[in-house]
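Read through the structure below, which is laid out as structure tokens, and then see the notes.
The values are calculated or read from the model by the stated rules, or taken from the named source; none is laboratory data. The model shown is predicted, which means the values in this text are computed figures rather than measured ones. Note that we place each Cβ from the backbone using ideal geometry, even for glycine, and neighbour counts take in every protein chain shown. Ligands, DNA and RNA are stripped out before the accessible areas are found, and what is left, the full protein with its side chains, is counted by its heavy atoms. Shrake-Rupley method; radii C 1.70, N 1.55, O 1.52, S 1.80 Å.
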Amino acid sequence: MRLMWKSMDKMRCFRKRSMFPVLGFLITFLLFFNLSMDDEYVLGAEKRQLREELIHPAASERYIHTFKDLANFSGTINVTYRYLAGIPLPRKKYLTIGLSSVKRKRGNYLLETIKSIFDQSSYEELKEIVVVVHLADFDSVWCENLVQEISRKFAHHIIAGRLLVIQAPEEYYPSLDGLKRNYNDPDDRVRFRSKQNVDYAFLLNFCTNLSHFYMMLEDDVRCSRNFLTALKKVITSREGSYWVMLEFSKLGYIGKLYHSRDLPRLAHFLLMFYQEMPCDWLLIHFRGLLAQKDVIRFKPSLFQHMGYYSSYKGAENKLKDDDFEEDSIDIPDNPPASLYTNINVFENYDATKAYSSVDEYFWGKPPCTGDFFVIVFIKSTKINKIKIVTGSDDRQNDVLHHGALEVGQKLVETKQGRQCASYITLGEFKGGRIDVYNVDHKIGFDIECIRIVVTASQKEWIIIRTISLWTVQPVNQ
């Protein structure tokens, strides 16, 4: 079992895991999560006693005692923070971006990360964000020097209330010695990852009331241009649907978006299980406990890992997100529509998956000449750009080899549902894809349907990976 966990730890950024060693504790947590919401959290005068009981439970009764103390999951943790630069503004912003940083043995990327956040945002976007940096290293000289550098380079952002630098005092931390060596990790690695969980817990706790949404980043990240506008478009598209965590990068805990109302529970959760497993594993369990079963990840990624040296012992870390796009990021609008096809669908890879902004796709069995894939809009709309991509990285032959793209008008009711009575052809697929620009200038009507037509039978299956539509925005927007 230890060998299995050791092997899985090497791939922890990319794979889901089953955590049998702590399953019992997670089940217990879920029960108390739903049933116990009245007691107050104790981390003030009694914090030393609680610290020992939280970190060194000798039996299950001690865990139960800990759960009882931590029952008020909707409230913030009682921590008195040090304000190293800036102060919170009274007005809630749209998005808080949280960074936790410690001294690295090799390289330091925090200043570049902060610069990227601000440089890649427009003036209007800057009004809606606040960046909170938690300096989680106990080296006071390092912290003081870094704060001076941050204050010098980003003074105007600090004055405007867009940048805060804080620290949770060391005395609020639980003991980091003698921790459980899950997965047979060495003591120093267990200490590093356990402290990191507490670092993030205190950061999340601080950010609870600053904004409506919270984005978790690492301190060695590069941002795409106008990432906030892309985020807002995605959030708007998810209105009415339930979600706990939206992901805008496939790496670690980069680009993870939460409702701010969930931050107290997440902070408590990380603090309670801080010594059990790394942060990104805990995030997966938290998401599941709040009933979001599946990953909801968007492409292209909005954030890229740029650090070459890890904060753990300065080890090399060459991980990159190959879905990241820095300059060409342009999230499609994809107005509300119904989708259907007469192509034989494989399993649950239905037509709607090609139209989703989530990382999923339509997959059908070999199509024949005349087969179609239709999008019928709820309301007629002006379209400026259409981009359709078929096939996938691992199934490059499952493309539409011969097909045409058509747009239609004059909706009529048929036995098969609503369809357009007339269509015109915009172009043909080449290399399994089609891009059409200035659509509104090429046709003289508002579009009610878009249709993909197979113009020659093929032996290969077909994947429609993405259907992306950009609407014509009103002049006043």
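Remarks
- Pick from the stretch 429-477, criterion polar (S, T, N, Q) and more than 29 Å from the chain's Cα centre (by Cα), ranking: surrounded by the fewest Cβ atoms within 10 Å (Cβ to Cβ): Asn476
- Just one of the listed residues (Val147, Val141, Val130) is in contact (Cβ under 8 Å) with a residue 60 or more places away in the chain, under 18 Å from Glu170 (Cβ atoms) and either in a helix (DSSP H, G or I) or open to solvent by less than 20 Å² (accessible area, probe 1.4 Å) (or both), namely Val147.
- Residues of the stretch 217-252 that turn out to be part of a loop (DSSP other than H, G, I, E, B) and polar (S, T, N, Q), as a count: 4
- Scope the stretch 428-460; condition among the small types (Gly, Ala, Ser) and either in a strand (DSSP E or B) or on the phi > 0 side of the Ramachandran plot (or both); matching residues: Gly431, Gly432
- Odd one out for Ser357, checked against (1) farther than 21 Å from Leu426 by Cα; (2) at pLDDT 85 or above: (2)
- Yes/no for Leu271 being more than 20 Å from Ser211 (Cβ to Cβ) and open to solvent by 10 Å² or more (accessible area, probe 1.4 Å): no
- Any hit, the stretch 214-232, residues being under 29 Å from Asn78 (Cβ atoms) and at pLDDT 95 or above: yes
- Taken as a whole, the condition of being of a type in the set (A, V, I, L, M), modelled with pLDDT of 75 or more and open to solvent by less than 60 Å² (accessible area, probe 1.4 Å) does not apply to Leu70.
- Looking at Tyr94, Tyr83, just one residue is more than 19 Å from Gly255 (Cα to Cα) and either of a type in the set (Ser, Thr, Tyr) or assigned to a loop (DSSP other than H, G, I, E, B) (or both), and that residue is Tyr83.
- Test: residue in the stretch 180-198 that is touching a Ser or Thr at 6+ places or on another chain (Cβ under 6 Å) and either open to solvent by less than 10 Å² (accessible area, probe 1.4 Å) or in a loop (DSSP other than H, G, I, E, B) (or both): no
Every residue, every condition in (1) out of contact with any strand residue (DSSP E or B) (no Cβ under 9 Å at 6 or more places or on another chain); (2) modelled with pLDDT of 90 or more; (3) open to solvent by 10 Å² or more (accessible area, probe 1.4 Å), yes or no:
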| site | (1), (2), (3) |
| --- | --- |
| Ser241 | yes, no, yes |
| Met245 | no, yes, no |
| Arg265 | yes, yes, yes |
| Pro278 | yes, no, no |
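- Subset of the stretch 332-355 [part of a loop (DSSP other than H, G, I, E, B), touching a residue at least 12 places away in the same chain (Cβ under 8 Å) and of a type outside the set (D, E, K, R)]: Pro332, Asn334, Pro335, Pro336, Asn342, Ile343, Asn344, Phe346, Tyr349, Ala351
- Output for the stretch 331-346, where each listed residue is open to solvent by 70 Å² or more (accessible area, probe 1.4 Å) and modelled with pLDDT under 90: Pro336
- Test result for Leu210, within 23 Å of Pro264 (Cα to Cα) and open to solvent by 10 Å² or more (accessible area, probe 1.4 Å): yes
- Residue list for the stretch 379-405, filter: open to solvent by less than 30 Å² (accessible area, probe 1.4 Å) and either assigned to a strand (DSSP E or B) or within 13 Å of Asp440 (Cα to Cα) (or both): Thr381, Ile383, Ile386, Ile388, Val389, Thr390, Gly403, Ala404, Leu405
- Filtered residue count, the stretch 207-256, keeping only those that are under 18 Å from Glu112 (Cβ atoms) and of a type in the set (D, E, K, R): 5
- The stretch 357-371: number of residues that are within 19 Å of Lys387 (Cβ to Cβ) and open to solvent by 30 Å² or more (accessible area, probe 1.4 Å): 4
- Screening Leu50, Leu35 for residues that are exposed (fewer than 13 other Cβ atoms within 10 Å of the Cβ), farther than 30 Å from Arg152 by Cα, modelled with pLDDT under 50 and more than 26 Å from the chain's Cα centre (by Cα) leaves exactly one candidate, Leu35.
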